[in-house]
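Okay, structure first, notes after.
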Amino acid sequence: MALEQLAAGLQLNPMPSRRTCRDNTIPHAPHRTPMLSDQEKTQALKNALRYFPSHLHRELASEFAAELNEFGHIYMYRFIPDFEIRAYPISEYPCKSIHAAGIMHMIMNNLDKRVAQFPHELVTYGGNGQVFSNWAQFWITMKYLSEMTEEQTLVMCSGHPQGLFPSSRFAPRAVITNGMVIPNYSSKSQYEKMFAMGVTMYGQMTAGSYCYIGPQGIVHGTTLTVMNAGRKYLSTEDLAGTVFLTSGLGGMSGAQAKAAVIAGCVGVIAEIDKTALLKRYDQGWLMHWTDNAEECLEMIRKHKSEKSATSIGFLGSVVDLWEQIAADYEKTGELLVEMGSDQTSCHNPYGGGYYPSGMSLDEAQLCLKNDPDKFKELVQESLRRHVAAINKLSDAGMFFWDYGNAFLLEAGRVGADVFAAGSTTQFRYPSYVQHIMGDIFSLGFGPFRWVCTSGKDEDLQITDRLAAEVIETLIGQNPEAKVLQQYKDNLKWIKEAGKHGLVVGSKARILYSDCKGRVAIASAFNQAVEEGQLSAPIIISRDHHDVSGTDSPYRETSNIYDGSSFCADMAVQNCIGDSFRGATWVALHNGGGVGWGEVINGGFGLVLDGSMDAKRKAEMMLDWDVNNGIARRSWCGNANAISTIRLAMADNSNLKVTLPNAVNEEDLSLG
């Protein structure tokens, strides 16, 4: 059986045949330009070859050197598995531990070509969110997992499997770190060199922690963002006929088309990569598409007048589309777009995360490879034009927000007109966390996820029903109005999730929930596994983009105003606390979401196997995982967080959180 190969590890005798070129039937990561010195190139080769016996070094050295020179990184293409990578049922993995099999299941899903953005480069999403740095790491990790017992822990350091170490059955089965670079050396240029040398890795958020569940992973949050933006800025619950314009269909951004339809509006999403656009179209996540800007405007007018909930993909530069709509407004006086945002991978603008206007994708990638300085100039020019067009429409009444992808940050750095009047630090447009979702996080609601490891649709349907029953019970407990609104939104979501065709890859679901909800849902799932209602264990996790998982001053912690938004204690404490409260694995990363050096984030996975141990672990760990963040947010004075943590302390006498005393401005004196 194919999966038995995972237990064998690296195939060395004989080695697989060398691949003379990349497989052109799938998309590939852009060529990197790390600008290594000859000494650094030599070190990169040594670092790659140390995974192999010395008698193979002469054969592999020239091959790896060619990869480094051609692609800017040694991926070890020769060792790509020759079987289909996907989330197989958990019982099929050659493991001694069901918890190790759960980790394998998640890794395999992250690298499924239907799920991963650049599967052969081990990139799951975001343009550079790696699962591993090279294929040798994949094979060695899988071998370790197949051997692991319940008294061992696998240590992963930026993709490198450091080894199995003795521990206990109460310890995590895996501890993962990605990009833990000393702060003074955590620059983007240093990262490119260190990644090329094979010594560190950018794991994004859920790529390097193995918890990605396809574009569904962000679709609920995007739906909530669009709905709450309508409530807050358009004063409406009904978004029929409202147009939401954004960009990106490749990785997590692929959720935007589906989210717009679920929210009831007309979603228009620009994407320069035809392969990415057609992937979402073929998967049913995108309903219509065109490569003609004028035709795109005609389609917008048609669906706007019909008030139909739909999605339109524009194959081309988002800059061109914004400029076309701005020109149309100046000509006709008709504002076609009410809401706008952006989800290009702008945390990596000069490495293929954002492509300039005026070039095809192939032309842009060739420019990036051969003339990175010119590519950078073109990107900067496009960012300025991008913002200028948005500003025209915003002045006319459109509402625009930053989606936490560093778009405003990078545009501001190149002189685009993005700052508020009289400020060089505050943006003229809100962050979706700061002004829309931050208060929801502070109530404890965030992107809770689960995966049915059986791979069966019927198990997923049962979990949807169980989760809905839990929310209905919580609604019956008469929560305060702002919590009740979230419960109602989430109940509607989970009851309708099955009909929206959200699954890509593993049989997974996302549901925004608070601490009470997460604990109760996990307990219900664990009981269903124990009783045989569910045919295999459930893995629970979350996006690191959550209540307590991430310290990011321009996104997750952008609504923290006591000066601590640049401090990373919360994310680190979250990871440490989850590790000894029962998580099956924990992860701590540098750089997820908004870019290398800009954020620290932590995540977890927990296998619910139907045991009493699993029930207790879920209760302890989830309580900490949420309330750690609420406590931090309450200390900075957030009213929602203060009221939420007070209720949590009332429910649990062992929880005692330091609360801030109110400070009267009139009592302040600077001497």
ask   = Out of GLY446, GLY501, which single residue is under 20 Å from the mean Cα position of the chain (by Cα), within 26 Å of MET108 (Cβ to Cβ) and surrounded by fewer than 15 Cβ atoms within 10 Å (Cβ to Cβ)?
value = GLY501
query = Which ones in region 173-196 are open to solvent by 10 Å² or more (accessible area, probe 1.4 Å) and not hydroxyl-bearing (Ser, Thr, Tyr)?
reply = VAL175, MET180, VAL181, ILE182, PRO183, ASN184, LYS188, GLN190, GLU192, LYS193, MET194
task = Could you look through region 197-241, keep only residues that are touching a Leu at 6+ places or on another chain (Cβ under 8 Å) and surrounded by fewer than 24 Cβ atoms within 10 Å (Cβ to Cβ), and pick out the one that is nearest to GLN39 (Cα to Cα)?
result = MET197
request  = Among the helices (runs of 4 or more DSSP H) lying completely within region 294-407, list those that include at least 3 residues that are more than 24 Å from the chain's Cα centre (by Cα) and among the basic types (Lys, Arg).
outcome  = 372-395
Qualifying residues in region 645-671 (those that are part of a helix (DSSP H, G or I) and not hydrophobic (A, V, I, L, M, F, W, C)) - the one most open to solvent (accessible area, probe 1.4 Å) = GLU666
query = If we scan region 294-307, do we find a residue that is hydrophobic (A, V, I, L, M, F, W, C) and either open to solvent by 40 Å² or more (accessible area, probe 1.4 Å) or at pLDDT below 95 (or both)?
reply = no
message = Filter region 523-540 down to the residues that are open to solvent by less than 10 Å² (accessible area, probe 1.4 Å) and under 22 Å from THR644 (Cβ atoms) and list them by number.
response = ILE540
query = Can you name the residue in region 118-151 that is in contact with a Pro (Cβ under 7 Å, 6 or more places away or on another chain) and not hydrophobic (A, V, I, L, M, F, W, C) and, of all such residues, is farthest from GLY217 (Cα to Cα)?
reply = GLU151
query = What are the residues in region 408-426 that are open to solvent by 50 Å² or more (accessible area, probe 1.4 Å) and either at pLDDT 95 or above or part of a loop (DSSP other than H, G, I, E, B) (or both), if any?
reply = GLY415, ASP417, ALA421, GLY422, THR424, THR425, GLN426
ask   = Looking at MET612, is it open to solvent by 10 Å² or more (accessible area, probe 1.4 Å), under 29 Å from ILE98 (Cβ atoms) and of a type in the set (A, V, I, L, M)?
value = yes
query = When you scan region 279-309, how many residues do you find that are in contact with a Gly (Cβ under 9 Å, 6 or more places away or on another chain) and of a type in the set (A, V, I, L, M)?
reply = 4
message = Looking at the structure I just gave you, is THR463 open to solvent by 10 Å² or more (accessible area, probe 1.4 Å) and either under 19 Å from ILE630 (Cα atoms) or β-branched (Val, Ile, Thr) (or both)?
response = no
ask   = Quick check: anything in region 165-182 free of Cβ contacts under 8 Å to residues at least 60 places away in the same chain and outside any loop (DSSP other than H, G, I, E, B)?
value = yes
ask   = So is VAL433 in contact (Cβ under 8 Å) with a residue 40 or more places away in the chain and closer than 21 Å to GLY595 by Cβ or not?
value = yes
request  = Name every residue in region 29-51 that is among the charged types (D, E, K, R) and farther than 12 Å from ASN69 by Cβ, in order of residue number.
outcome  = GLU40, LYS46, ARG50
remark   = Checked region 349-390 for anything under 15 Å from VAL418 (Cβ atoms) and open to solvent by less than 10 Å² (accessible area, probe 1.4 Å); matches are PRO349, TYR354, SER382, LEU383, HIS386, VAL387, ALA389, ILE390
note = Flagged in region 500-528 as among the aromatic types (Phe, Trp, Tyr) and assigned to a helix (DSSP H, G or I), in numbering order, are PHE525
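The values are calculated or read from the model by the stated rules, or taken from the named source; none is laboratory data. Here the structure is a predicted model, which is why all the values come from computation and not from measurement. Heads up, the Cβs are rebuilt from the backbone with ideal geometry, glycines too, and the neighbour counts pull from every protein chain shown. For accessibility, only protein heavy atoms count, side chains too; no ligands or nucleic acids. Shrake-Rupley method; radii C 1.70, N 1.55, O 1.52, S 1.80 Å.
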